[in-house]
Amino acid sequence: MPGRPLRIPLPVSAWSAWAPGLETPDAWQAWAVGACSGGHEGAPPLPFVEPLLRRRLGRMARMAIQVANEAFDNHPDTSVVFSSWHGDLQRTLGMLEAMADGEMPSPTAFSLSVNNASMGVFSILKQLRGQSTAVSAGPDSFGYGLLEALSRLHDCPDNPVLLVYADDD
């Protein structure tokens, strides 16, 4: 019907967010009402990730894996939707600078720069068997990631869906 808003239920069983200086739900709620601001430096420590792997992860991947881990409900059939405007932009820029200097990009840097890398690492860590999708739609990345997550919930309402949106400047 024209003029009538579309109502789509959005079941949220858990949420998580991480930014430097905003590392707890209370900090985020204070930020939301303007009572504090976040910082610019730092990355989550990820104590649940093996040191050899943790050392290879960039800040954006660390942030994505941190929030995914906090919101994850330990259901192995969880479907994962990862959404990001740029992916690991710092790693990609590093590879482009290396190529501009006549060097070959590192295979590790390349494999961890693709948009689905952080959720691939998370899926391996948690031994997930569900579907995984990476969405990159410029400034609309969050909205299209949410649309993909809602579509999955609509298709399989009994399987949990984990939506992770991450970007870093």
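Helix 89-100 and the longest principal axis of the C-alpha atoms of the chain enclose an angle of approximately 30°.
Sorting the Cα pairs of segment 60-127 by distance into bins of 5 Å, from 0 upward, gives 3, 16, 26, 19, 14, 10, 6, 3, 1, 0 percent per bin. On a 0 to 90 degree scale, rounded to 10, what angle separates helix 59-71 from the longest Cα axis of the chain? Helix 59-71 sits at roughly 30 degrees to that axis. Considering only beta bridges that DSSP places wholly inside the chain, some 10 percent are antiparallel. Our analysis of segment 86-169 gives Rg over Rh at 1.06, with the two radii drawn from alpha carbon positions and Rh computed by the Kirkwood formula.
What the Cα atoms of segment 1-100 give is an Rg and a Dmax of 17.6, 56 Å. Modelled spin labels at S151 and D26, positioned 7 Å past Cα toward Cβ, are 4.1 nm from each other. Note that segment 12-51, at 4 °C in a medium of 1.567 mPa s, gets a Stokes-Einstein diffusion coefficient of 113 µm²/s from its Kirkwood radius over C-alpha pairs. A 1.4 Å probe run over the protein chains yields, for the chain, 62 Å² of accessible area per residue, whole-number rounding. Put simply, the chain fits an ellipsoid with semi-axes of 28, 20, 18 Å; these come from the alpha carbon gyration tensor as the roots of five times its eigenvalues, largest first. Every helix of 4 or more DSSP H residues in the chain counts as -39500 (n - 2.57), and over all residues that averages to -12500 deg cm²/dmol at 222 nm. Please report how far the C-alpha centroid of segment 153-169 lies from that of segment 20-48, rounded to the nearest whole angstrom. That distance is 22 Å. Along the chain, the exposed loop sites are GluC sites (Glu not before Pro) outside DSSP states H, G, I, E and B with at most 14 other Cβ atoms within 10 Å, and the longest stretch free of them is 104-169.
When the trypsin sites (Lys or Arg not before Pro) in segment 101-153 are filtered for DSSP coil states and for at most 15 other beta-carbon atoms within 10 Å of their beta-carbon, the remaining sites are R129.
Exposed loop positions in the chain were taken to be chymotrypsin sites (Phe, Trp or Tyr not before Pro) whose DSSP state is not H, G, I, E or B and which have at most 11 other beta-carbon atoms within 10 angstrom. Between these positions, the longest stretch is 49-169.
The values are calculated or read from the model by the stated rules, or taken from the named source; none is laboratory data. These numbers were taken from a predicted model, which means no experiment stands behind them. All Cβ positions, glycine included, derive from the backbone under ideal geometry; neighbour counts span all protein chains shown. For accessibility, only protein heavy atoms count, side chains too; no ligands or nucleic acids. Shrake-Rupley method; radii C 1.70, N 1.55, O 1.52, S 1.80 Å.
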